[in-house]
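Enquirer: Just dropping this structure here.
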Amino acid sequence: MMRKREIKKPKIFIGKAGTGKTYSAKASIETKEYIECHANDIPIDDVYSWPMDVGIIIEDVHYKADKDKIVDLIHSGRHVVLTSHNKKDVPKAIINICQVKLCGKTNRNQVRLKTLYAKNCDEIKTFEANMWSLSSNYIKMKDRDEFHRGLMLHAPPPMQILSWVSASMPNNNKLAFVASTLYRWPTDYFYALLAYSWEGGYVTLAPPQRKSSSLFPSICLKLGLKETDGYLVKDMVRNPDYAKWAARKLLPEECKVLGITKEKRRRITARKMKTLEDFK
């Protein structure tokens, strides 16, 4: 009788803003390479095509988590680490298969800032550096000067913060002008324009939805397989003959995903016709 393979329970770090959830998640990931994503926007189309040696840090599992995809990632044996602001809003299907790690109540950001800048201050107003919190502050904060200081402090990637706030406020025409300054004006000007392009209010935060970026569906179709057969292809290309055949069917970037080499076509140069003068 075959024994069922035991799946190691992934860790989920739980705590309020500033308690070190993301730091702990990065410290505990067991792979050299990893990606970070939000629980409601996981950029993996085919769970079984995801490389086993690339970890996944999934943040904010308390908010609209893609439950089925997260559970599939865990059961498939991928290296997953999760974070959440609280335990009660994490779907039971996820929390029941995780090791819960509580991060405590100490706001490490406050401790660090007080040590560096304001030892006698009770509390320093600051922002979380993650995109969710910055975008939420953009929408809600009435004090735009304070929000501007937060942008300058954390310096988020301009394209990323712009895509987040634009997804939540598609009818804000001022954001179109802000977008036109990208890579043309200094980043400090960009942050100032962004900060004052909205006066603050109540709008539902809607993170941008990633388009499918996986090449596996198209690779499978080109090789005569189903779109969902990505998990088979990596095993099949271990055969040198099959890998050579597949490389002829695929584009260079698709070969790179599979870890196979596409042979470069030899350039055929036309021979110069000899004339009678050459034989003299």
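The values are calculated or read from the model by the stated rules, or taken from the named source; none is laboratory data. Given the structure is predicted, the values throughout are model-derived calculations rather than measurements. Glycine also receives a Cβ, built like all others from the backbone with ideal geometry; neighbour counts cover every protein chain displayed.
Enquirer: Out of the strands (runs of 3 or more DSSP E) lying entirely within the stretch 1-82, which hold 3 or more residues that are not hydrophobic (A, V, I, L, M, F, W, C)?
Expert: Numbers: elements: 11-14, 33-38, 54-59.
The strands (runs of 3 or more DSSP E) meeting that bar are 33-38.
Enquirer: Now a separate question. Can you tell me which residue within the stretch 48-90, out of those that are among the acidic types (Asp, Glu) and under 22 Å from Pro207 (Cβ atoms), is nearest to the chain's Cα centre (by Cα)? So that I can check it myself, show each step before the final result.
Expert: As a first pass, look at the stretch 48-90 and keep what is among the acidic types (Asp, Glu): 53, 59-60, 66, 68, 72, 89.
Subsequent filtering for residues that are under 22 Å from Pro207 (Cβ atoms) retains 59-60, 66, 68, 72, 89.
Details: Glu59: 10, Asp60: 13, Asp66: 14, Asp68: 18, Asp72: 18, Asp89: 22 Å.
Residue satisfying both the conditions and the ranking: Glu59.
Enquirer: Right, another one. Which of the residues belonging to the stretch 188-199 are out of contact with any helix residue (DSSP H, G or I) (no Cβ under 6 Å at 6 or more places or on another chain) and outside any helix (DSSP H, G or I)?
Expert: Those that are out of contact with any helix residue (DSSP H, G or I) (no Cβ under 6 Å at 6 or more places or on another chain) and outside any helix (DSSP H, G or I): Trp198, Glu199.
Enquirer: Return the residues of the stretch 47-106 that are among the hydroxyl-bearing types (Ser, Thr, Tyr) and over 30 Å from Leu258 (Cα atoms); say none if nothing qualifies.
Expert: To start, the set of residues in the stretch 47-106 that are among the hydroxyl-bearing types (Ser, Thr, Tyr) comprises 48-49, 63, 76, 83-84, 106.
Tyr63, Thr83, Ser84, Thr106, listed by residue number.
Enquirer: Lys119 is checked against (1) modelled with pLDDT under 70; (2) in a helix (DSSP H, G or I) and fails just one. What number does that condition carry?
Expert: Every condition holds for Lys119 apart from (2).
Enquirer: Filter the stretch 32-53 for residues that are of a type in the set (Val, Ile, Thr) and surrounded by 14 or more Cβ atoms within 10 Å (Cβ to Cβ) and give the result. Give the derivation first.
Expert: Step one: list which residues in the stretch 32-53 are of a type in the set (Val, Ile, Thr), which gives 35, 42, 44, 47.
Across the stretch 32-53, the qualifying residues are Ile42, Ile44, Val47.
Enquirer: With Lys226, Lys262 as the choices, which residue is in a loop (DSSP other than H, G, I, E, B), of a type outside the set (Asp, Glu), at pLDDT 70 or above and closer than 25 Å to Gly77 by Cβ? Spell out the reasoning first.
Expert: Details: Lys262 fails: closer than 25 Å to Gly77 by Cβ.
Going through Lys226, Lys262 in turn, the sole match is Lys226.
Enquirer: Residue check, Ala129 against (1) among the small types (Gly, Ala, Ser); (2) closer than 20 Å to Gly15 by Cβ; (3) modelled with pLDDT under 90; (4) crowded, with 18+ Cβ neighbours inside 10 Å, all met but one. Which one?
Expert: With respect to (1) among the small types (Gly, Ala, Ser); (2) closer than 20 Å to Gly15 by Cβ; (3) modelled with pLDDT under 90; (4) crowded, with 18+ Cβ neighbours inside 10 Å, Ala129 is out only on (4).
Enquirer: Against the conditions (1) assigned to a helix (DSSP H, G or I); (2) surrounded by 13 or more Cβ atoms within 10 Å (Cβ to Cβ); (3) more than 23 Å from the chain's Cα centre (by Cα), where does Leu221 fall short? Just the number, please.
Expert: So Leu221 meets the others, but not (2).
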